[in-house]
Every structure is written in C-alpha cells, then in structure tokens.
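The values are calculated or read from the model by the stated rules, or taken from the named source; none is laboratory data. Owing to the predicted nature of the structure, the values given are computational and were not obtained by experimental measurement. So basically every Cβ, Gly included, is an ideal-geometry build from the backbone, and we count neighbours across all protein chains shown. Side chains included, ligands, DNA and RNA excluded: accessible areas come from the protein's heavy atoms. Shrake-Rupley method; radii C 1.70, N 1.55, O 1.52, S 1.80 Å.
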Amino acid sequence: MTLTAVTATEAPVPARVRRTWRVPPTVVLSFLVVALVVGWSVAPGVFSGQDPVNGVPADLFAPPSAAHWFGTDHLGRDEFARVVHGTASSVSSALVAVLIGLVVGGLIGLLSGFLGGLVDTVLARFVDVLLAIPSFLLAVVVVSALGFQTINAAIATGVSAVAVFARVLRSEVLKARSAVFVEASLVLGGSRAHVLLRHVLPNASRSVLQLAVLQFGLSILVIASLAFLGYGDPPPASDWGLLISAGREYPLAPWLIYAPALVTIVTVLSVNRISRWLRKTD
Amino acid sequence: MSGYGGFALRRAGQAVVVVLLTYVFTFWVISVLPGDPVTTTLRNPQNGFTEEEIARIVSYYGLDRPVLVQLWESLSRFVTGDLGVSLRSNRSVADMIGEVLPSTLVLAAASLTIAVVLSFAIAFGVHYLPRPFSTALRSVPSLFLSVPGFLVGLLLIQVFSFGLGLFRAIDTDGPVATFFAALTLGIWVSAQIAEVLIANLDHEAAQEYAGVARSRGLGRLRMLLKHLLKPSSLPVVTVLALMIGEVLGGAVITEAVFGRTGIGNLVERSVASQDLPVLQAVVTLAAVVFVVVNLLADLVYPLLDPRVTLQARPEVGANA
C-alpha cells in the first residue's frame, strides 16, 4: 500500500508523475480486499481460530453473531472458518488456471505471431477450435476427462482460457513487429530472440497483465461454478462454490449461501476493478 | 460483388474445417480419459446390457481397434450425420438431443432477448440520465460480471419463488420459471454487450460529427437516437454472435439451478454417467451452432456496415 503513501505526501511532485500515481479509492480498497484474500489463503489459521472440519454439534445453524461471523452450518462448523480455509483452494486454483492459459496461450500467440506463414495458419485453426467450443462446456468436458478434483477443475479452466491469451499475444506481437524501432533493431543485426525479449515482450506485458488479472477473476467464477456442480474436491473441502452449493439445502439458514457468495462477489469485483484500472492507466 | 463472394466462400470453408477439427479435438480430449469407462459402463450390471448388446456396441464403435481407426470411423459417421448411440440408454444420441433441444432453444432465445433489452437499457441510461445515475449505471456491467451465474439463479429463486411465490420451483417449464431462468443467463450476457455498447457510445459521442450536432443545439435524446445509436450498435451483432457460446455453456449451470431439462442438463447427466458419445455430440453441436452463427454474423456485417472492408474481420470492442 505504498501507493496511498505517495498520494498522501504534500511535497511538490511533477504533474505527470502525480497523475500516474493517483490511485482512486476504490482501487485502493480492491487491493486491500485482494491482500486480505491472499492472507486467508496463505495463513488461514491466523484469520480464523476455529476448526473448519469438526463442528460443535450444540451450535448448529447458529445465525451470524460475534462468535460466528458467518454463522454455523448443519454440523455446527463455523462458516467463516470454512470460507477462510477454502480460500487457498479457490484462489490458488484460479492462479493455476491463469498460469496455464498464460503459458500455453502465450506460447501459441508468440509462435504464430513471430513465425507467421503455415505455423500461423495451423495455430489459428487450433485457436478457432478452442473458441468454437463454449468455454464452460470445454471446462466441463476437460474436467470430466481428467477426474473430479479441484486441481483438474483448475486445469480445465486454464485450457478454456488458452484461446484468449493466444489471440491477445499474437496481436501484440504483430503490432510490435510492425513498429519502426523493432525494424531498426532487426536492421542493426538484432537476433529474433533479442527482439522478442528486448522489445516484443516488454511491450506486450501491459496488456497481458491486464488480461491475466481479468482472467483471474473469471477463473474464480468458473472454478466456483465447477465446484458448484460437484466437479471439484468433495466435502469436507470448502471451496467457495461448494459452500454455496451445500448452503442450498438449508433454505432456513440463508447465511450459508450469502456469506460465501458475498466473499466470492467482493473478491471478483475487486480483481475486475484492478484490471480495469490497469487498462485505464495504460 | 465477386469480392464478397470470395470472402463468403473462404469464411464458409474455414467454418467447415473448424467444425471437423472440433470433433477431432473433443475425441482426443475424451480419449485421454484414464481407465476404460466404456467397458466399465457396459459391464455395469445396473445397465443390464446382454453380452450380445455389448458385443454389438463394442463393434459399432470399433472399441477393439486402435484409437486412430476409431477416430476415422467416428468422424466419417459424423460427416454423414450419424451421432452414434448412447452408452447409457442404448438410444440414438440424435434422438436424445432432439428431445431436449427445444427447451434449451427457448431458454437461449429468451435469454438473448432479455440480454439485448437489458444492455440497451443500461447503455441508454448511462448516456441519457443525469450525473449520479449515469455513473452508478456505468458500474452495473462489471457488477454483473462479478456474480457467479448460479448465484443469480439461486437469488432469483429465493426471492421470486420462495419469497413472493411467483412461480413454483418444481414447475420448471412454466413461462414464469422460464423467464427467471432466462434472466439468470441474460444478466451475464447483457453485461458483456453493455460494456461494448457503452464504450462505442463513448467513442461516437467524442467524434467531431457529434460535437457539430451538439453545437447545432441537438437535444440529448435525438442525438442518441438519430446519430450515436446506429454506429454504436452495429458491433453488437458480432458480440451477440460470440455470446451464443456463453449461453450454451451457461445452460449447464442454469438448467442445474432451475432443475430444467435441456442440453445443459443432458451434459450434466452424461458427465455423471461418463456417456462419452453424448458428450462428444453435444460439444460438437455447440461448436457447429457457434461457428454457423458467427459465420452468418461475419457475412451479414459487411452488408450492414458499408465502412467495413472485407480484408479483416471486424475487431470486437476495438475502440473500448
């Protein structure tokens, strides 16, 4: 949160710098939310002292209170503890999905943009295939082929994101290749690898970063949807989508739906806000 | 016009290639499956296949032959329009799909209609309403995009079925239940359309012709309707075509939440029972729908918008 510190200083700052670093309050809030969620996934024990797996039978279906922020479920387990402990799985699998999409899709995009010709045509058809299959349907088929586990749901989500990354990277490479400074670098004897590492990738990084953040939010939703359908780890795992799905069975304890739902929405909203901000400040 | 003919032919050829490749790709993904689900399913005593039937199905699919041969045979059957036989019910896959397709088509059509109406309403509000409302509306699409689809469905059921009693959650195919199921899907789709529409309206409003029209004293509403709306809404055709895929994918979730029958429900059942021919057929069918709709959109677009040249496909949200 050094960003807020910068805006708070009264020292004269050149106008250009000030404009770049002025962070809207909603973005600061979004970063705080993401930091909290990362905290939950790294050290859930710090944020919730209660046991997410073994409940207190006397406390079942307690509504939200000071002792149980999100209430308790049908086994008397603290819902807040379950949400916090489910974060690691929900968030890290979204991260895995983005990494798969980024690496595989990025490679396809780089190759087809850089090599062109036949390679480009073949890879473009492959990407067309990935685009033609509805992304959620693709994720469902891949996860059913791999087996119902959260990690497989993450891989499936990543596969369904490959096409988008491939497209963006390809167009970034083409944009950079037609730039005069890249031409100059090639004329001066720069190798393809040099041009790629020194010019193309740095130029593409901004739009790729923004896309990756956007896909991260989307992946959280897709993985939650897969978990909702029961294609992730079975209980007592407490992925957010699974918690919402389980909460459906107890309409008299609506907090079992609302609490994990709110956490999911606020997280994705924050991630999307950051992505939007990255695009605007570009 | 020969330029257009050539363009149409090239795009149609590409579409056919993509459909065939999709079939091959799905086959490959499904045959990655660890274990041998086909024989496990067939030998499962619950399914009550006789040895003869098993032998017939195994030889029909050529399951005793190498994967590449299987692929070739299944592909040649697909080209002639034969989608195969379900491993579960021993019925033709085409029949099973035909049975549930109307329900999903109704859902898809309703949700796309709702999405278009909703997105135009949002974009209109952003550009027509005074300050505080328009800024609030501007963040609505990103809010919609942050809510998981199944949750929208759950909330709608909670409020309108359990709370207000407008429809019974059990009576899944009634018009009111269908409307709320379509709304669940439509909200997600509308957000994506609205984002493009708002960005395009912003872009058009900043053009010189808009400034000139404003300086002539044109009112906000006439400005919006007469000048900004047409150029801004043309790209929506392309976005709408891309959204067909989202709707078909989202149907899996929506139909599960609302307990509807349909393609999505068929997918869910086939995944649970590892009914691979059905899964393969549905995925390919979805790809066919997507490819055909996008082909039509691409072919119609140059006719709608004379500014578009045929060399490049119109970039979606390029001015976003």
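Of the accessible area of chain A, computed with a 1.4 Å probe over protein heavy atoms only, carbon and sulfur atoms account for 69 percent. When nucleic acids and ligands are ignored and a 1.4 Å probe is applied, residue A:266 ends up with an accessible area of around 60 Å².
For the Cα atoms of chain B, what angle does the longest principal axis make with the long axis of helix B:175-205, in degrees from 0 to 90, nearest 10? Compared with the principal axis, the helix lies near 50 degrees. Which loop-located trypsin sites (Lys or Arg not before Pro) does the stretch B:208-273 contain, where loop means any DSSP state but H, G, I, E or B and the Cβ has at most 12 other Cβ atoms within 10 Å? Answer in residue order: B:216. Across the alpha-carbon atoms of chain A, the computed radius of gyration and Dmax are 22.4, 77 angstrom. Taken over the alpha carbons of the stretch A:216-282 as equal point scatterers, the Debye sum produces base-10 log I(q)/I(0) values at 0.25, 0.26 Å⁻¹ of -1.02, -1.07. The angle between the Cα long axis of helix B:93-128 and the main principal axis of chain B comes to about 20°, on a 0 to 90 degree scale.
Determine the per residue accessible area of the stretch B:94-304 with all protein chains present and a 1.4 angstrom probe, expressed in square angstrom.
For the stretch B:94-304, the solvent-accessible area averages 40 Å² per residue.
Counted residue by residue at 0.36 nm each, then reduced by the alpha carbon distance between them, the extension gain from residue A:43 to residue A:99 reaches 17.9 nm. From Cα pairs below 8 angstrom and at least 6 apart in sequence, can you work out the relative contact order of chain B, rounded to a whole percent? Relative CO of chain B lands at 25 percent. The trypsin sites (Lys or Arg not before Pro) of the stretch B:59-122 that DSSP puts in a loop, and whose beta carbon has at most 15 other beta carbons within 10 Å, are B:91. Rounded to the nearest 20, the Cβ-based charge dipole of the protein assembly as shown about its Cα centre (Lys and Arg +1, Asp and Glu -1) stands at 2520 debye. For the residues of A:118-126, the average number of beta carbons from a partner chain within 10 Å of their own beta carbon is 1. Each Lys and Arg contributes +1 and each Asp and Glu -1, all at the Cβ; summed about the Cα centre of the stretch B:94-304, the dipole is approximately 1080 debye. Accessible surface for chain A, divided over its residues, is 47 Å² per residue with a 1.4 Å probe.
For the segment A:139-148, counting C-beta atoms of other chains within 10 Å of every residue's C-beta and taking the mean gives 6. Applying the Kirkwood pairwise sum to the alpha-carbon positions of the stretch B:94-304 produces a hydrodynamic radius of 18.7 angstrom.
Averaged across the residues of A:219-225, what count of C-beta atoms belonging to other chains lies within 10 Å of each residue's C-beta?
On the way: counts 0, 2, 8, 3, 1, 4, 9.
Other-chain Cβ atoms within 10 Å of each residue's Cβ, averaged: 4.
Summarising the amide proton neighbourhood of residue A:72: residues at separation of 5 or more, or on other chains, whose placed amide H is nearer than 5 Å comprise A:61, A:62, A:79.
Bridgeable lysines around residue A:280 (alpha carbons under 23 Å apart, same-chain partners fewer than 8 residues away excluded): A:175. In this simple spin-label approximation, residue B:72 and residue B:10 carry label points 7 Å from Cα along the Cα→Cβ vector, and these lie 3.3 nm apart. Solvent-accessible surface, computed for protein heavy atoms with a probe of 1.4 Å, shrinks by 40 Å² or more for the following residues of the stretch B:147-161 when the other protein chains are added to the isolated chain: B:148, B:150, B:151, B:154, B:158. Chains B and A together bury roughly 3500 Å² of accessible surface, counting both sides and using a 1.4 Å probe on protein heavy atoms.
With all projection directions averaged, the alpha carbon convex hull of the protein assembly as shown covers 34.1 nm².
Here chain B has 66 percent of its accessible surface on carbon and sulfur atoms, given a 1.4 Å probe and all protein chains in place.
For chain B, the mean residue ellipticity at 222 nm estimated from helices alone is -24000 deg cm²/dmol, where every DSSP H run of n ≥ 4 contributes -39500 (n - 2.57) and the total is divided by all residues, rounded to the nearest 500.
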